[in-house]
Amino acid sequence: MADASAITQDWEQREFVDSIKLSVLKMAQFLNGFGKRFPHIIVYLHIDLSIRDRLAKLNSRLATLERHVEFLEQAVTATDADAA
């Protein structure tokens, strides 16, 4: 009997794995076909991502410049204090 229950459990696990595989395949087919059905949305998403990427790079550059300005302000302040 132990063998029969092990076999039954194995088949149940295989069916579960197969159902997961099928679900993943259906999602992949939907996502692959999404661009064909709604090309304008894909273009919008691409533009949106491109803008977000540019803004992120700009934000990084601004943060770097802010750090440089703070460093220079402290250097000037230190120089003024030494001169006085």
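The values are calculated or read from the model by the stated rules, or taken from the named source; none is laboratory data. Given the structure is predicted, the values throughout are model-derived calculations rather than measurements. Neighbour counts run over all protein chains shown; Cβ positions are idealised from the backbone, glycine included.
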Problem - Residue tally, condition of a type outside the set (Phe, Trp, Tyr) and either within 23 Å of the chain's Cα centre (by Cα) or in the same structural domain as Leu31 (by TED's automatic domain parsing) (or both), over the range 41-84 - result: 22
Exercise for the section: Within the range 25-39, count every residue that is surrounded by 10 or more Cβ atoms within 10 Å (Cβ to Cβ) and either at pLDDT 85 or above or assigned to a helix (DSSP H, G or I) (or both). Expected result: 10
